[in-house]
Amino acid sequence: MLTPVTDADGAPFWEYAARGELRVQACADCGEARFPPRPCCPHCQSFACEWRPVPGRGRVWSYVVAHPPLLPGYAEQAPYNVVVVELEEAPRIRLVGNVVAHAGARLDSVDPGRLRIGARVRAVFSGGLPQWVLA
Amino acid sequence: MAAPGTAPGIKDAAAIVGIGQTAFARHLAEDERTLACRAVLAALDDAGIAPGEVDALASYTMEDTDEVELAKAVGFGDLTFFGKVGYGGGGSCATVAHLAAAIATGQATVGVAWRSRKRGSGPRPWTNTTAQLPTPAQWTRPFGLLRPADEIAMLARRYMHEYGVTRDHLFNVALACRNRANQNPAAVMYDRPLTREMYMTSRWISEPLCLYDNCLETDGALACVVVGRERARDCRQRPVYVHAAAQGLPAQHHGMVNYWTDDPLTGPAWTAARHLWKHADLTPRDVDVAQIYDAFTPLIPLSLEGYGFCARGEGGAFTEQGALETGGRLPVNTAGGGLSEAYVHGFNLITEGVRQLRGTSTAQVPGAAACLVTAGEDVPTSALLLRS
């Protein structure tokens, strides 16, 4: 399975995720949240930023169900869902992830037939990655 | 000289006067460099221009045959302009646009653009786990969003949800391309008809996209020759003028994972289109035939919206009643496109646009005088408006 290949901008996200916290980068001057993380604010050009905790509630914005050919670790869990979750607290912050039965469950642990655009989900954490369960 | 305060622009300043290609197949024996040489020499022969006259080159950043290798192999003259355009298939039309700009501004006189790729027998780029892009791959690949097909399927599902686009609409796209390929002996799918039953019962790749929503995997190379309009009149073939050209990288765009803007379903096509039509004497109504980048079927209805052939959200409905077929409102991808002729990062769409305006396509639109050619949508893109 692939682990995040992080960069300087993204590293804090993964450090918080490893502690079970969902945080997003926000401008420390104008307050605008932004994703993916980047060196400065596209709204006010400030380089000052903060990592803002978010409660981790969202709705499915879209999803796919991936079938082979896939990389080996993924192929053996296929077909599995991948979702884009729009955070309730921060519209336009959308996170790619998987809807699973419980934290740490396999990628194919939820029947894709239960997924809908608009479905409510909440964040859980496993192995340093955020996952999503149906709320 | 242009009047004070007005840019001379590139409108009709340059023309494509030669096209060339190799065979297209799942596997070709020769290497990419050799295929590049063959396609380039074929294009120069088509134009009736000697390799020693070439002084400009343009290709993709993903092109593995570099200028030095190509130039010394085929015997180019001194090169005074060369550049490469990024973002995979989004760069196809920009290669010609850069040559047209170089020629219009006097930096070069004879330009060659090319693409050579063994994507059929070579590796799938997404299987590389050691050299993945750090951004934005860290936000997508660990979760199993591994392939371009997955990334576009995510947008496709949302597009279908918001606007009522159906799998039948996507089938209309796949069918139009396959029907044209069935008329084109050079197409990989020349002798392989497609039916609705085949489409609806095919295996999934990334739901909602099935096998036939995905382009081919092809070995092959193509090239074209661009010269100024004066020179073009003396070439062997009828000139095809670059009437307008544009690139498009929208504000806050994120590439093929464009999930993080206010409106992810308006992609780079919208940006390129605004510039293209602003600098053209033509409108979408004047376009007789279009070659629209089709790595995946949903890119065609999205591009139809972006380039102004229909309103927002109407791209799916546009494909109904044979609109994309011969004799329809807008025949597209008349050699079969990436879905059914060959997938060589969209360069075969440029050469087919040229054939339509020469009157030599295997699915000729009678009297075609204007053709839109587009590059990959949902990556930073480019487009050409060609006219005879």
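Please treat every number below as a calculation from the coordinates, not as lab data. Since the structure is predicted, the reported quantities are computational estimates derived from the model, not experimental observations. Every residue, glycine among them, receives a Cβ derived from its backbone with ideal geometry; neighbour counts consider all protein chains shown.
Rounding to the nearest 10 and keeping the result within 0 to 90°, find how far the Cα-based axis of helix B:347-358 lies from the longest principal axis of chain B.
60
Leaving out same-chain residues fewer than 8 places away, which lysines sit with a Cα under 20 Å from that of residue B:278?
Straight-distance partners of residue B:278: B:11.
How would you classify chain B from its alpha-carbon gyration tensor, with a ≥ b ≥ c the square roots of the eigenvalues: rounded for a/c under 1.5, else prolate if a/b is greater than b/c, otherwise oblate?
Working: a/c = 1.42, a/b = 1.32, b/c = 1.08.
Note, shape of chain B comes out rounded.
Place a point 7 Å from the Cα of residue A:32 along the Cα-to-Cβ direction; which residues of the stretch A:1-25 have their backbone N under 16 Å from it?
Only A:25 fall inside the zone, counting backbone N under 16 Å.
List every residue whose amide H lies under 5 Å from the amide H of residue B:291, counting only residues 5 or more places away in sequence or on a different chain, with H placed 1.01 Å from N in the peptide plane.
For residue B:291, the qualifying residues are B:333, B:372, B:373, B:374.
Report, ordered by chain and residue number, the lysines lying within cross-link reach of residue B:72, taken as a straight Cα distance under 26 Å and ignoring same-chain residues fewer than 8 apart.
Leaving aside lysines fewer than 8 places away in the same chain, those within reach of residue B:72 are B:84, B:118.
Can you give the average number of partner chain beta-carbon atoms within 10 Å of each beta-carbon in peptide B:152-165, as a whole number? Let's see the in-between values first.
Working: counts 1, 6, 8, 3, 2, 10, 5, 1, 2, 5, 2, 0, 0, 0.
The shielding value for this peptide is 3.
Let me know the mean shielding of A:117-123 by other chains, meaning the per-residue number of their Cβ atoms within 10 Å of its Cβ.
Values: counts 5, 1, 0, 0, 0, 0, 0.
Shielding by partners across A:117-123 averages 1.
Just from its helices, what would the mean residue ellipticity at 222 nm be for chain B, if runs of 4 or more DSSP H residues each count -39500 (n - 2.57) and the sum is divided by every residue, rounded to the nearest 500 deg cm²/dmol? Walk me through the numbers on the way to the answer.
Details: 12 runs with 116 residues, N = 388.
About -8500 deg cm²/dmol.
Enumerate the whole-percent occupancy of each 10 Å bin, from 0 to the last occupied one, for all C-alpha pair distances of the protein assembly as shown.
Whole-percent P(r) values from 0 Å outward: 4, 19, 28, 25, 16, 7, 1, 0.
Provide the per-residue ³J(HN,Hα) series for the stretch B:265-277, in order, calculated from phi with Karplus coefficients 6.51, -1.76, 1.60 and θ = phi - 60°, each as a whole number of Hz, with x at glycine and proline positions.
8, 9, x, x, 4, 4, 5, 4, 5, 4, 5, 4, 5
Enumerate the calculated ³J(HN,Hα) couplings along the stretch A:105-118 in order (Karplus 6.51 cos²θ - 1.76 cosθ + 1.60, θ = phi - 60°), each rounded to whole Hz, writing x wherever the residue is Gly or Pro.
6, 4, 5, 9, 7, 10, 4, x, x, 7, 8, 9, 4, x
Count, for each residue of B:260-268, the Cβ atoms from other chains sitting within 10 Å of its Cβ, then give me the mean as a whole number. Each step should come with its number before you reach the end.
Values: counts 8, 2, 2, 1, 5, 0, 0, 0, 0.
Mean shielding count: 2.
Using Cα-Cα distances under 8 Å and only pairs 6 or more residues apart, what relative contact order does the stretch A:11-134 have, in percent? Can you show the working numbers first?
Details: 261 pairs, mean separation 30.0, N = 124.
The normalised contact order for the stretch A:11-134 reaches 24 percent.
Counting only residues 5 or more places away or on other chains, whose amide H sits under 5 Å from the amide H of residue A:126 once H atoms are built in the peptide plane?
Amide H neighbours of residue A:126, under 5 Å, 5+ apart: A:131.
Could you give each residue of the stretch B:368-378 its phi-based ³J(HN,Hα) in whole Hz, using Karplus coefficients 6.51, -1.76, 1.60 with θ = phi - 60°, and x for Gly or Pro?
Values, residue by residue: 4, 10, 9, 9, 8, 10, 10, 9, x, 8, 6 Hz.
Among B:152, B:16, B:205, which one shows the biggest mean-square fluctuation in a GNM of chain B, springs joining Cα atoms closer than 10 Å?
For chain B, modelled as a Gaussian network with Cα springs under 10 Å, the answer is B:205.
Using a 7 Å offset from the Cα along the Cα-to-Cβ direction at both residue A:15 and residue B:45, what is the distance between the two label points in nm, to one decimal?
Using points 7 Å along Cα→Cβ, the separation is 6.2 nm.
Using the Cβ atoms and a cut-off under 14 Å, what net charge is assigned to the surroundings of residue B:68, where Lys and Arg are +1 and Asp and Glu are -1? Could you put the intermediate results ahead of the total?
Details: positive: B:33, B:72, B:84; negative: B:63, B:64, B:66, B:67, B:69, B:78.
So the surrounding residues net to -3.
In degrees between 0 and 90, to the nearest 10, how far off the longest principal axis of chain B does helix B:92-104 point, with axes built from Cα atoms?
20
So who's got an amide H within less than 5 Å of the one on residue B:54, skipping anything under 5 residues away but keeping other chains? H placed 1.01 Å off N, in plane.
Those lying under 5 Å, H to H, from residue B:54 are B:77.
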